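Visitor: This structure is in structure tokens; I'll ask about it shortly.
The values are calculated or read from the model by the stated rules, or taken from the named source; none is laboratory data. Note that this is a predicted model, so its numbers are computed, not measured. All Cβ positions, even for glycine, are placed from backbone atoms using ideal geometry, and neighbour counts span all protein chains on display. What goes into the accessible areas is simple: the full protein's heavy atoms, side chains included, and nothing from ligands, DNA or RNA. Shrake-Rupley method; radii C 1.70, N 1.55, O 1.52, S 1.80 Å.
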Amino acid sequence: QVQLVESGGGLVQAGGSLRLSCAASRNIFSITTMGWYRQAPGKQRELVARISGGAYIDYADSVKGRFAISRDSAKNTMYLQMNSLKPEDTAVYYCNVDLGGSRVYWGQGTQVTVSS
């Protein structure tokens, strides 16, 4: 069982930046698959950025070059640095971890709103 708490969302103008944090309730050294997803009103939840296999990183095409995912296992925290934000980035952002064996966990989300 892993509890995940996102923070760092807020209201920003287009072109601005935010850093999201995902704090986990347990050590994440052994977690090899974890990432960020988002869901906008009326849309499906989509992958934003993910670390998988403990070494590979992939990003949605819409955020490449603007967002960066990272993790600090010593702090049990994962981050999403978001730069050059656009109105279409507006969504609730969720932290996700996959422990394998169908053990998948989600945070409750943090709202990001980008105004134009």
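Visitor: Looking at T32, T77, T90, T113, which one is hydroxyl-bearing (S, T, Y) and within 12 Å of the chain's Cα centre (by Cα)?
Guide: Of the residues listed, the single one that is hydroxyl-bearing (S, T, Y) and within 12 Å of the chain's Cα centre (by Cα) is T77.
Visitor: Give the residues of segment 25-41 that are modelled with pLDDT of 95 or more and over 19 Å from A68 (Cα atoms), sorted by residue number.
Guide: The one that is modelled with pLDDT of 95 or more and over 19 Å from A68 (Cα atoms): A40.
Visitor: Follow-up question, since we're still on this one. For G42, indicate whether it is within 22 Å of S116 (Cα to Cα) and not aromatic (F, W, Y).
Guide: Here the answer is yes, as G42 does meet what is asked.
Visitor: Also, quick follow-up: With the requirement that a residue be open to solvent by 40 Å² or more (accessible area, probe 1.4 Å) and either among the charged types (D, E, K, R) or assigned to a loop (DSSP other than H, G, I, E, B) (or both), what does segment 88-116 give you?
Guide: The answer is E88, D98, G101, S102, R103, Q108, S116.
Visitor: Go through segment 1-50 residue by residue and tally those that are part of a strand (DSSP E or B), among the β-branched types (V, I, T) and surrounded by 20 or more Cβ atoms within 10 Å (Cβ to Cβ).
Guide: 1
Visitor: Sticking with this one: Can you tell me which residue in segment 71-87 is modelled with the lowest pLDDT, limited to those that are touching a strand residue (DSSP E or B) at 6+ places or on another chain (Cβ under 9 Å) and part of a helix (DSSP H, G or I)?
Guide: Among those residues, the one meeting the criterion is K75.
Visitor: Continuing with this model, one more query. Filtering segment 51-70 down to residues that are hydrophobic (A, V, I, L, M, F, W, C) and in a loop (DSSP other than H, G, I, E, B), which residue is farthest from E6 (Cα to Cα)?
Guide: Filtering segment 51-70 for residues that are hydrophobic (A, V, I, L, M, F, W, C) and in a loop (DSSP other than H, G, I, E, B), the one farthest from E6 (Cα to Cα) comes out as A55.
Visitor: Return the residues of segment 51-83 that are at positive phi and surrounded by fewer than 14 Cβ atoms within 10 Å (Cβ to Cβ); say none if nothing qualifies.
Guide: G53, G54, G65
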